[in-house]
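The structure under discussion appears below in the form of structure tokens.
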Amino acid sequence: MERILIQGGIHLFGEIAISGSKNSSLPLMAASLLSNQTLQLTNIPKLSDITTMKNLLVNLGTVIEIVDQEDNGLQLKLSSADIQNYFVPYEIESKIRASIWLLGPLLTRFGKATVSFPGGCEIGARPIDLHIAVMQALGAKIIMHHDCIDAHVDECLVGCNFSFTKVSVGATINAILAAVLAKGETNLFHCAREPEIADLCRCLNQMGAEIKGIGTTELTIIGKDRLDGTSYKVMPDRIEAGTYMIAAAVTRGDVKLLGIECDLIENLVMRMKAAGVSILQGKNFIRVKHQGPLKPVNISTQPHPGFPTDLQAQFMCLMTLAEGLSTISETIFENRFMHVRELCKMGANITIDGHDAVVQGVQSLVGAEVMASDLRASAGLVIAGLCARGETTIRGVHHLDRGYQSLEKKLSQCGAKISRITGD
Ligand SMILES: CC(=O)N[C@H]1[C@@H](OP(=O)(O)OP(=O)(O)OC[C@H]2O[C@@H](n3ccc(=O)[nH]c3=O)[C@H](O)[C@@H]2O)O[C@H](CO)[C@@H](O)[C@@H]1O
Ligand SMILES: C=C(OP(=O)(O)O)C(=O)O
């Protein structure tokens, strides 16, 4: 079993180039199913989730040409002119959450889809009722089996008015992917407005879609008969950037993150500044510099533009070393405190009370053997290992490969002593 070994206590100094966004790349890849022309995507991060999505699309009949552009990620040319299959198998689909985004495109372009239940991080029940409800509102007939969903359309999907009962990134994306080729106008209310959704909408509009209200909670989509191909560069990964920003602060370092600006992660920037971290914004970079003791700051995860749940574990690590008491509330996922037990093994003082984790800052963390339970919990443990005294071993590191391109290399370039060990 692979594990990551960190010799902690080293201040990080240097530069880190931010890769393309995982959560933007995945729906953009699914969008290739909407056209019989080629969609060229650049700045795709080299991650296991991307490989899984590639395998899902290839299984459907999408032809994918991949060019490795080294540190600039992957360039993908996806052609879905000749789809022969409308079935998304469980063995592949269960690996990622994003697989559910094949439902909307398959239904709207081909009128049928059989998809298994999606995987992803085990951070809560993660139902798909909203995905199903919006497809039904667009006219899809859906039969739920115990292991998969059968969906078909009599003629074509038809535009509708639909209001989400809960803010969902995934369901908003699926609705958009389906509505762009539906007949007539769709009005979506109470949408999620994460920047990755706006990125998808911009690419779709470049392909000939007509989406209005981008970046807001109300989207109007005028359905088109067909979409064309295009070439699109994926936005930077704000969660990767946020993770390294916190790593720089907690190790009392000075790190310049390249290829990202503060407007993408305003909420984190605000909280880190409140914690006493110096954050400077330049053209296409953010510089994070430790200055003095860390102050406690409360956060509550919320849909964008609130504090992102995908940075909760990492921010909690920062707070373990703050001078005082902070409360971290997780309101999006009911099981996203799995890093707490592991952080406590490293000397953190954290008590869970329902949706809240109460963190009493300590002087320092100490290295330990810990287990990564999901993607961002793993990132939190890496951060903890970097600032802890002594050696930390992290098991379950395959989670990290879902979301962090070249993690060890990027951190080593800033002086971290981090390596991956294979075998027992
Ligand atoms: C691949 C990807 O982009 N994943 C992101 C996406 O996940 P994902 O799209 O799964 O997250 P959602 O925004 O849909 O989930 C938000 C909440 O809504 C609930 N829900 C969702 C759908 C549904 O049909 N019914 C329902 O009740 C979920 O259980 C959760 O409690 O947004 C999350 C919230 O920002 C992020 O943490 C994930 O990194
Ligand atoms: C929860 C995440 O991903 P997924 O939705 O793919 O499980 C994440 O990126 O933190």
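Do you know which of the residues in region 123-142 that are in contact with a His (Cβ under 9 Å, 6 or more places away or on another chain) and hydrophobic (A, V, I, L, M, F, W, C) is nearest to ligand 1 (Cβ to nearest atom)?
I142
Go through region 328-342 and give me each residue that's part of a loop (DSSP other than H, G, I, E, B), within 13 Å of ligand 2 (Cβ to nearest atom) and modelled with pLDDT of 95 or more.
E330, I332, F333, R336
With the checklist (1) closer than 30 Å to Q37 by Cα; (2) buried (at least 23 other Cβ atoms within 10 Å of the Cβ) in hand, flag the one item Y244 doesn't pass.
Going through (1) closer than 30 Å to Q37 by Cα; (2) buried (at least 23 other Cβ atoms within 10 Å of the Cβ) one by one, Y244 breaks only (1).
For the subset of region 304-322 comprising residues that are in a loop (DSSP other than H, G, I, E, B) and within 14 Å of ligand 2 (Cβ to nearest atom), which member is nearest to the chain's Cα centre (by Cα)?
For region 304-322, the residue satisfying everything is P308.
Are there helices (runs of 4 or more DSSP H) fully within region 162-273 with at least 2 residues that are within 15 Å of the chain's Cα centre (by Cα), closer than 30 Å to R389 by Cα and in contact (Cβ under 8 Å) with a residue 60 or more places away in the chain? List them.
238-250
Got at least one residue in region 153-160 being within 16 Å of ligand 1 (Cβ to nearest atom), surrounded by 21 or more Cβ atoms within 10 Å (Cβ to Cβ) and in contact (Cβ under 8 Å) with a residue 24 or more places away in the chain?
Scanning region 153-160, I find no residue that is within 16 Å of ligand 1 (Cβ to nearest atom), surrounded by 21 or more Cβ atoms within 10 Å (Cβ to Cβ) and in contact (Cβ under 8 Å) with a residue 24 or more places away in the chain, so the answer is no.
Give the residues of region 343-379 that are under 22 Å from R126 (Cβ atoms), outside any strand (DSSP E or B), in contact (Cβ under 8 Å) with a residue 12 or more places away in the chain and more than 16 Å from ligand 2 (Cβ to nearest atom), sorted by residue number.
Selection gives H355 alone.
Looking only at region 412-424, which residues are touching a helix residue (DSSP H, G or I) at 6+ places or on another chain (Cβ under 7 Å) and surrounded by 15 or more Cβ atoms within 10 Å (Cβ to Cβ)?
Scanning region 412-424 gives A416, I418.
Restricting to region 373-396, name every residue that is within 16 Å of ligand 1 (Cβ to nearest atom) and farther than 17 Å from L318 by Cα.
Selection gives S373, D374, L375.
List every residue pair whose Cβ atoms sit under 8 Å apart, with the two residues 6 or more apart in sequence or on different chains, where the first one lies in region 48-68 and is assigned by TED's automatic domain parsing to the domain that holds Q37 and the second, anywhere, is acidic (D, E) and within 15 Å of ligand 2 (Cβ to nearest atom).
S48/D401; L56/E93
Answer yes or no as to whether S378 is surrounded by 23 or more Cβ atoms within 10 Å (Cβ to Cβ) and farther than 30 Å from T217 by Cβ.
yes
What residue, among those in region 96-128 that are surrounded by fewer than 18 Cβ atoms within 10 Å (Cβ to Cβ) and modelled with pLDDT under 90, is farthest from ligand 2 (Cβ to nearest atom)?
Among those that are surrounded by fewer than 18 Cβ atoms within 10 Å (Cβ to Cβ) and modelled with pLDDT under 90, it is A125.
Would you point out the residue of region 77-102, among those that are more than 19 Å from the chain's Cα centre (by Cα) and not in a loop (DSSP other than H, G, I, E, B), that is nearest to ligand 1 (Cβ to nearest atom)?
Within region 77-102, the first condition is being more than 19 Å from the chain's Cα centre (by Cα), and the residues that meet it are 77-91.
Narrowing the set further to residues that are not in a loop (DSSP other than H, G, I, E, B) leaves 77-79, 87-88, 90-91.
Numbers: K77: 22, L78: 18, S79: 23, F87: 21, V88: 15, Y90: 18, E91: 19 Å.
Out of the qualifying residues, it is V88.
Answer yes or no: is there a residue in region 79-95 that is β-branched (V, I, T) and at pLDDT 95 or above.
Filtering region 79-95 for residues β-branched (V, I, T) gives 83, 88, 92.
Going one step further and asking which of them are at pLDDT 95 or above, we end up with none.
No: zero hits.
For region 25-67, which residues satisfy the criterion of being touching a Phe, Trp or Tyr at 6+ places or on another chain (Cβ under 8 Å), assigned to a helix (DSSP H, G or I) and within 14 Å of ligand 1 (Cβ to nearest atom)?
Of everything in region 25-67, those that are touching a Phe, Trp or Tyr at 6+ places or on another chain (Cβ under 8 Å), assigned to a helix (DSSP H, G or I) and within 14 Å of ligand 1 (Cβ to nearest atom) turn out to be L26, P27, L28, A30.
Could you please give the count of residues in region 381-399 that are in a strand (DSSP E or B) and crowded, with 24+ Cβ neighbours inside 10 Å?
Going through region 381-399 one residue at a time, the tally reaches 2.
Being within 16 Å of ligand 2 (Cβ to nearest atom) and of a type in the set (S, T, Y) is the filter; apply it to region 161-211 and report the residue that is surrounded by the fewest Cβ atoms within 10 Å (Cβ to Cβ).
Per the criteria, the residue is S168.
The values are calculated or read from the model by the stated rules, or taken from the named source; none is laboratory data. Source: prediction; values computed, not measured. Methodologically, a virtual Cβ is constructed for each residue, glycine included, from the backbone with ideal geometry; neighbour enumeration extends over all protein chains shown.
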